[in-house]
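Novice: The structure is given below, and queries will be raised subsequently.
The values are calculated or read from the model by the stated rules, or taken from the named source; none is laboratory data. Since we're looking at a predicted model, the values are computed, not measured. Cβ atoms come from the backbone with ideal geometry, glycine included; neighbour counts cover every protein chain shown.
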Amino acid sequence: MSDIHDLHPQKPDAQEKSPSKNGGAANESDRADVLKAKLQALLSEHRDLDDVIAQLTGASASDQLRMQRLKKRKLALKDEIARLHALVLPDIIA
């Protein structure tokens, strides 16, 4: 990942928020697949940010601002990953 233009977290898809209208198992399975795919994409972006931040470590002062923004984006991704992970694998109290 060479450049990141959007440093703000993405708004959740309407598909993630809206409950399934039919209530069928197929819709739940499709929803879980969509959430898992989004989770994988976010994990990949999070790893990419790790690489970019590592390259910028010890860089000039002008790159420090960029690194700070990347770290902020990385934290936002971590929060979104945790939220999606909870949706895909909810806690079950035994």
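Novice: When the stretch 40-81 is examined, which residues are found to be of a type in the set (D, E, K, R) and in contact (Cβ under 8 Å) with a residue 12 or more places away in the chain?
Specialist: Across the stretch 40-81, the qualifying residues are Glu45, Asp48, Asp50, Asp51, Arg69, Lys71, Lys72, Arg73, Lys74, Lys78, Asp79, Glu80.
Novice: Sticking with this structure for a sec: Across the stretch 71-86, what is the number of residues that are within 8 Å of the chain's Cα centre (by Cα) and of a type outside the set (A, V, I, L, M)?
Specialist: 3
Novice: Would you confirm whether or not the stretch 9-26 contains a residue that is out of contact with any Asp or Glu (no Cβ under 8 Å at 6 or more places or on another chain), at pLDDT 80 or above and either of a type in the set (S, T, N, Q) or surrounded by 12 or more Cβ atoms within 10 Å (Cβ to Cβ) (or both)?
Specialist: No; the residues of the stretch 9-26 include none that is out of contact with any Asp or Glu (no Cβ under 8 Å at 6 or more places or on another chain), at pLDDT 80 or above and either of a type in the set (S, T, N, Q) or surrounded by 12 or more Cβ atoms within 10 Å (Cβ to Cβ) (or both).
Matching residues to (1) modelled with pLDDT of 90 or more; (2) surrounded by 15 or more Cβ atoms within 10 Å (Cβ to Cβ); (3) of a type in the set (A, V, I, L, M, F, W, C):
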{"position": "Glu28", "(1), (2), (3)": "no, no, no"}
{"position": "Glu45", "(1), (2), (3)": "yes, yes, no"}
{"position": "Lys71", "(1), (2), (3)": "yes, no, no"}
{"position": "Glu80", "(1), (2), (3)": "yes, yes, no"}
